[in-house]
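Asker: Here it is, the structure, as structure tokens.
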Amino acid sequence: VGTLQPRKNIGCLIEAFGLFKKHNDNFKLILVGKKGWLYEHIFKKVGELGLKKDVIFTGYLSNDELLTLYKNAFCFVLPSLYEGFGIPILEAMSFGCPVISSFTSSLPEVGGDACLYFDPKSPQELAEKLKELTENRKLRSGLVKKGRERIKLFSWQKCAESTLNVLLN
């Protein structure tokens with residue numbers, strides 16, 4: 001979920017999905033977001049890996065459409081090389097969707113122990129995390145439970161109060 005651009009590291013996700021798909025044929029990869037800058041390589045990689053039937057580009061989606069995807073997804077993956085915060089992690093968790101995230105920038109701080117993490121430069125490691133999640137129902141349900149607890153630590157109200165406190169002091 002997010003604009004297709006280099007820092008989102010979508011190429012790594014597509015490569016990992018290609019590796020994962022070899023042993024898990026019934027999965028599709030859905031990429032949500034509009035085209036950003038330097039997005040062309042993403043579409044090229046999908047073609048090179050023979051994944052055109054398995055990778056779906058939705059473009060921009062409404063909040064209701066996005067909610068439906070989160071609620072029905074096997075998992076949410078945020079492979080970014082850099083994120084200022086990582087709101088999609090919390091969005092996914094709020095709808096009971098387990099999260100796999102790159103272990104970089106602010107993402108471990110946002111996800112805490114409610115995510116599986118991988119090196120954003122390793123498609124193989126991400127493919128292993130996807131495999132682990134398919135094979136371990138207890139892990140998957142544990143991530144969903146931890147995610148529901150994790151989101152309680154964040155709110156727009158808390159954000160506004162903290163910001164105001166910093167500005168006043």
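Asker: Can you name every one of the helices (runs of 4 or more DSSP H) wholly within the stretch 1-73 that holds 3 or more residues which are at negative phi and of a type in the set (Lys, Arg)?
Answerer: By residue number, no helices (runs of 4 or more DSSP H) qualify.
Asker: Continuing with the same structure: Please find, within the stretch 1-24, the residue that is nearest to Gly84 (Cα to Cα) out of those that are surrounded by fewer than 21 Cβ atoms within 10 Å (Cβ to Cβ) and of a type in the set (Gly, Ala, Ser).
Answerer: Result: Gly2.
Yes/no matrix, rows are residues, columns are (1) touching a residue at least 24 places away in the same chain (Cβ under 8 Å); (2) open to solvent by 50 Å² or more (accessible area, probe 1.4 Å); (3) under 19 Å from Thr134 (Cβ atoms); (4) of a type in the set (Val, Ile, Thr):
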| site | (1), (2), (3), (4) |
| --- | --- |
| Asn63 | no, yes, no, no |
| Pro79 | yes, no, yes, no |
| Pro88 | yes, no, no, no |
| Glu91 | yes, yes, no, no |
| Gly96 | yes, no, yes, no |
| Ser101 | yes, no, yes, no |
| Thr104 | yes, no, no, yes |
| Pro108 | no, no, no, no |
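Asker: Suppose the filter is closer than 18 Å to Pro123 by Cα, in contact with a helix residue (DSSP H, G or I) (Cβ under 8 Å, 6 or more places away or on another chain), of a type in the set (Gly, Ala, Ser) and assigned to a loop (DSSP other than H, G, I, E, B); does Ser80 pass it?
Answerer: yes
Listed here are the residues, each with its yes/no results for (1) free of Cβ contacts under 8 Å to residues at least 24 places away in the same chain; (2) surrounded by fewer than 20 Cβ atoms within 10 Å (Cβ to Cβ); (3) out of contact with any His (no Cβ under 9 Å at 6 or more places or on another chain); (4) of a type outside the set (Phe, Trp, Tyr).
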| residue | (1), (2), (3), (4) |
| --- | --- |
| Asn26 | yes, yes, yes, yes |
| Gly36 | no, yes, yes, yes |
| Phe43 | yes, yes, yes, no |
| Phe57 | no, yes, yes, no |
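Asker: Being in contact with a Leu (Cβ under 8 Å, 6 or more places away or on another chain), open to solvent by 50 Å² or more (accessible area, probe 1.4 Å) and of a type in the set (D, E, K, R) is the filter here, so list the residues in the stretch 130-167 that pass it.
Answerer: Matches in the stretch 130-167: Glu132, Arg140.
The values are calculated or read from the model by the stated rules, or taken from the named source; none is laboratory data. Owing to the predicted nature of the structure, the values given are computational and were not obtained by experimental measurement. In this analysis, Cβ positions are derived from the backbone assuming ideal geometry, glycine residues included, and neighbour counts consider all displayed protein chains. With ligands, DNA and RNA removed, areas are computed over all heavy atoms of the protein, side chains included. Shrake-Rupley method; radii C 1.70, N 1.55, O 1.52, S 1.80 Å.
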